[in-house]
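See below for the structure under consideration.
The values are calculated or read from the model by the stated rules, or taken from the named source; none is laboratory data. This is a predicted model, so every value here is computed, not measured. Methodologically, a virtual Cβ is constructed for each residue, glycine included, from the backbone with ideal geometry; neighbour enumeration extends over all protein chains shown.
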Amino acid sequence: MRIIQLSDLHLGGEPLYGLVDTLAAFDRVLHRVRSSEPPDLLLITGDLVAHGDRDEYRLLRDRLDSLSLRYALVPGNHDDRAALRAVFGDQAWSGGSLCCQRIDVGDGTLLLLDTVVPGEEWGEVAAAQLDWLEDACPERRPVLLAQHQPPFAVGIAGLDAIRCRGEQLLAQWLASHAAVEAVLCGHVHRFVSTSFAGRPAIVAPSPAQQVALQDGPLAFSREPGGYLCHDWLPGERLLTHYLPAETENGHLSGHQAGSAASA
């Protein structure tokens, strides 16, 4: 099956940092998705909008519904659970306060884990997340786990400080759930490939601004936006391709970096 993963859209009414037109960047990706073979699922791993406003979510919904594709959403630290549920009430949200989802696609299952800590940029896997995982994880189906903040270091100090905490608890849970084949994340605004708890661990870039790969304070880079295409044979392998957001009219040229307040 084919899963298209986007992350960190930060959609809003104004350019991000006064410079980045996140809606135009999102539209460029959607143009590529429309022009390609339809995926089985469009997965967006958090920071869907800039401020968690209902109008921003309505803008996102209008774009997504125009695709006529199945899609699933994961909240990030810029999202608001109540507003997200209000606008996307037809998503398969879990009960309680968390916005988790179990998505069955073909022969596999995606567990979409809400790691948001309201008011904080870092995420957390705690008792509530583990309880949901235990209840939602199938016994006899291969699984992909998706969440916003990665539970591992990516080598960028500013982002490692706001990664997902409780990583040892998550690793312990994974140790007893061999059906989980890989971990998919966002938050970093860069493509990253590594491993976590013995599984492939993959971070999607943003369609808009990327975080600069540098020491010191976080900074964003006007490198090309992108997204990921996962071709998954459940029980056999996950094959991931990085795709630039646009390939025409010089949009693949680099631009100078600027400062950013947060990821």
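Of the residues making up the range 232-241, those that are in a strand (DSSP E or B) and surrounded by 14 or more Cβ atoms within 10 Å (Cβ to Cβ) are TRP232, LEU233, LEU238, THR240. Test GLU121 against the stated conditions and say whether it is part of a helix (DSSP H, G or I) and among the charged types (D, E, K, R). For GLU121, the condition - part of a helix (DSSP H, G or I) and among the charged types (D, E, K, R) - is not met.
On the stretch given as the range 5-41, residues that are surrounded by fewer than 18 Cβ atoms within 10 Å (Cβ to Cβ) and aromatic (Phe, Trp, Tyr) total 1. For the range 55-87, the tally of residues that are over 18 Å from GLN5 (Cα atoms), in contact with a Lys or Arg (Cβ under 7 Å, 6 or more places away or on another chain) and crowded, with 17+ Cβ neighbours inside 10 Å stands at 2.
Among the conditions (1) in a loop (DSSP other than H, G, I, E, B); (2) over 30 Å from ALA136 (Cβ atoms), GLY158 misses just one, which is (1).
Across the range 65-87, the qualifying residues are those that are part of a helix (DSSP H, G or I) and more than 8 Å from LEU48 (Cβ to Cβ), and the one among them that is nearest to the chain's Cα centre (by Cα) is ARG81. Taking the criterion of being buried (at least 20 other Cβ atoms within 10 Å of the Cβ) and assigned to a loop (DSSP other than H, G, I, E, B), the residues of the range 91-118 that qualify are CYS99, CYS100, ASP114, THR115.
Would it be correct to say that ARG2 is surrounded by fewer than 21 Cβ atoms within 10 Å (Cβ to Cβ), modelled with pLDDT of 95 or more and closer than 26 Å to VAL116 by Cα? It is false that ARG2 is surrounded by fewer than 21 Cβ atoms within 10 Å (Cβ to Cβ), modelled with pLDDT of 95 or more and closer than 26 Å to VAL116 by Cα. Within the range 222-249, residues that are more than 18 Å from ALA204 (Cβ to Cβ) have Cβ atoms under 6 Å from residues that are of a type in the set (D, E, K, R) and modelled with pLDDT of 95 or more in these pairs: PRO234/ASP107, counting only partners at least 6 apart in sequence or on another chain.
How many of the residues making up the range 186-225 are buried (at least 24 other Cβ atoms within 10 Å of the Cβ), within 12 Å of the chain's Cα centre (by Cα) and over 21 Å from ARG141 (Cβ atoms)? Total meeting the criteria: 9. Taken together, the residues in the range 86-113 that are of a type outside the set (A, V, I, L, M) and without any contact (Cβ under 8 Å) to a residue 24 or more places away in the chain amount to 5.
If the condition is being within 27 Å of ILE4 (Cβ to Cβ) and surrounded by fewer than 19 Cβ atoms within 10 Å (Cβ to Cβ), then the range 144-159 contributes ALA153, GLY155. Scanning the range 1-30 for residues that are assigned to a helix (DSSP H, G or I) and under 13 Å from LEU69 (Cα atoms) yields one hit, LEU30. Is there a residue being more than 25 Å from ALA219 (Cβ to Cβ) and at pLDDT below 95 anywhere in the range 37-52? Within the range 37-52, one or more residues are more than 25 Å from ALA219 (Cβ to Cβ) and at pLDDT below 95. When the criteria are applied in full, ARG163 fails the requirement of being of a type in the set (Lys, Arg), in contact (Cβ under 8 Å) with a residue 12 or more places away in the chain and out of contact with any Phe, Trp or Tyr (no Cβ under 7 Å at 6 or more places or on another chain).
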